[in-house]
Every structure is written in structure tokens, then in C-alpha cells.
Amino acid sequence: MADVTVRPMTAADAERVLAIYQAGLDGGDASFETVAPTWAAFDAGRHAAHRFVAVDADDTVLGWVAVSPTSARPVYAGVVEHSVYVDPAARGRGLATLLLDALIAATEAAGIWTVQSGIFPENEASLALHRRAGFRVIGTRERVGRHHGRWRDVVLLERRSPVVH
């Protein structure tokens, strides 16, 4: 994809990153969250070394990926949870694949052995994307939370690194 570049996310990307996040939340099948956090909260909750944006030739952010620690316990230092969001107007161009590829390369280089995520079963595009990227379903948490007045299931997925042992 010659017109798209993946680069590290910076604070200058905050407005677009949070707008894309909110657009995903507004779609109703991305997260239990309903309002994107402030940049300060977003920044504090995600590993700075593992945040990337996909940008066009004008450096406009079209999508992002980032990881959060799953636990503060040292034994889980190599396990992270990720999120990937693409601007609705830019979907279907392979951006999420580019972002996941960059994330996987960076996390493996840092010794992270497991990247995991929870996805609503209705989000079939995201489930297919993750399967193509080497994630496997490890289970479904049934009726784990209420979202917009109804109970929702969450499919748990993980990708175990074949190179980090």
C-alpha cells in the first residue's frame, strides 16, 4: 500500500486518534466503552513503545493500534492486550493488517510473547482480521457485561509469538 505508512504514534496525533476511537465506539461493536478517553488517560494506559498510526501521504492519521499491560505483576510482563481502530472512511484498504503487522514485529522485538484481545462476536470483520494475523480463539465470556442496555458476549483471542519463548 504505497500511499500509507505506519509510524510510531505521537502526542501530535491525539486529536485524530481519539476521533477514530470515538467513531469506532459509536459503531456499537468495538468496546464496552462509549466515550473515548482524554489523551492523558489514553497516554497513561498504553505502552509508549507499542503505539502506531497508519497515515496517508499528507500524514493524516487513518488508523491506530496500541497495547496495554494486562497486569502489573512481573510474571505477565510479556503479555499485553491490544486495540486496533481504523477510520470508517478508510476501512477495507488493509490498514488494520498493516497496523497489526507493525505491532507484532515491535512486541516480538521487545520480548512480548502474547498479544490478546476481547472482541464482540458481532464484530465479524475484526474476528476475521485477527484470525488472518495468527490469533486464535481461546474462549467466549458469555453475558460478561451490559452495553447499551443489553448483555454482550466477548470472544477472547490471543496470538502467541513463535519466536519469543
For this session: Give the number of residues within the stretch 15-31 that are in a loop (DSSP other than H, G, I, E, B) and either touching a Pro at 6+ places or on another chain (Cβ under 9 Å) or not aliphatic (A, V, I, L, M) (or both).
Result: 4
Problem set entry | Filter result for V84 (closer than 27 Å to I112 by Cα and of a type in the set (A, V, I, L, M)) | yes
Problem set entry | Condition met for E122 (part of a strand (DSSP E or B), more than 15 Å from the chain's Cα centre (by Cα) and farther than 16 Å from V80 by Cβ) | no
For this session: Go through the stretch 112-145 and give me each residue that's open to solvent by less than 60 Å² (accessible area, probe 1.4 Å) and of a type in the set (A, V, I, L, M).
Result: I112, V115, I119, L127, A128, L129, A133, V144
Exercise. Any idea which residue in the stretch 63-78 is nearest to V6 (Cα to Cα), counting only those that are open to solvent by 20 Å² or more (accessible area, probe 1.4 Å) and in a strand (DSSP E or B)?
Worked result: S68
For this session: Give the stretch 32-62 a look and list any residue that's β-branched (V, I, T) and in a loop (DSSP other than H, G, I, E, B), or say none.
Result: T34, V35, T38, T60
For this session: Give H130, H82 a once-over and let me know the one that is in a strand (DSSP E or B) and at pLDDT 95 or above.
Result: H82
For this session: Check A54, A23, A36, A12 and return the single one that is in contact with a helix residue (DSSP H, G or I) (Cβ under 7 Å, 6 or more places away or on another chain), over 27 Å from H147 (Cα atoms) and not aromatic (F, W, Y).
Result: A54
Exercise. What tally of residues in the stretch 90-100 results from selecting those that are open to solvent by 30 Å² or more (accessible area, probe 1.4 Å) and in contact (Cβ under 8 Å) with a residue 60 or more places away in the chain?
Worked result: 3
Problem set entry | D56 being surrounded by fewer than 19 Cβ atoms within 10 Å (Cβ to Cβ) and at pLDDT 95 or above | yes
Exercise. Which one of these is loosely packed, with under 11 Cβ neighbours inside 10 Å, within 13 Å of S31 (Cα to Cα), touching a residue at least 40 places away in the same chain (Cβ under 8 Å) and of a type outside the set (S, T, N, Q): H148, H165?
Worked result: H148
Problem set entry | Every pair of residues 6+ apart whose Cβ atoms lie under 6 Å, when the first sits in the stretch 113-125 and is under 28 Å from V163 (Cβ atoms) and of a type in the set (V, I, T) while the second is open to solvent by 50 Å² or more (accessible area, probe 1.4 Å) and not in a loop (DSSP other than H, G, I, E, B) | T114/R160
Seminar exercise, completed: Given the conditions (1) surrounded by 14 or more Cβ atoms within 10 Å (Cβ to Cβ); (2) among the charged types (D, E, K, R); (3) modelled with pLDDT of 95 or more, every one holds for D29 apart from (3)
Exercise. Hey, among the residues in the stretch 39-51 that are touching a helix residue (DSSP H, G or I) at 6+ places or on another chain (Cβ under 8 Å) and more than 28 Å from H148 (Cβ to Cβ), which one's surrounded by the fewest Cβ atoms within 10 Å (Cβ to Cβ)?
Worked result: A49
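The values are calculated or read from the model by the stated rules, or taken from the named source; none is laboratory data. Everything quoted here is computed from the prediction, not taken from an experiment. With ideal geometry, Cβ positions are generated from the backbone for all residues, glycine too; neighbour counts draw on all protein chains shown. All accessible areas refer to the heavy atoms of the entire protein, side chains included, with ligands and DNA or RNA removed. Shrake-Rupley method; radii C 1.70, N 1.55, O 1.52, S 1.80 Å.
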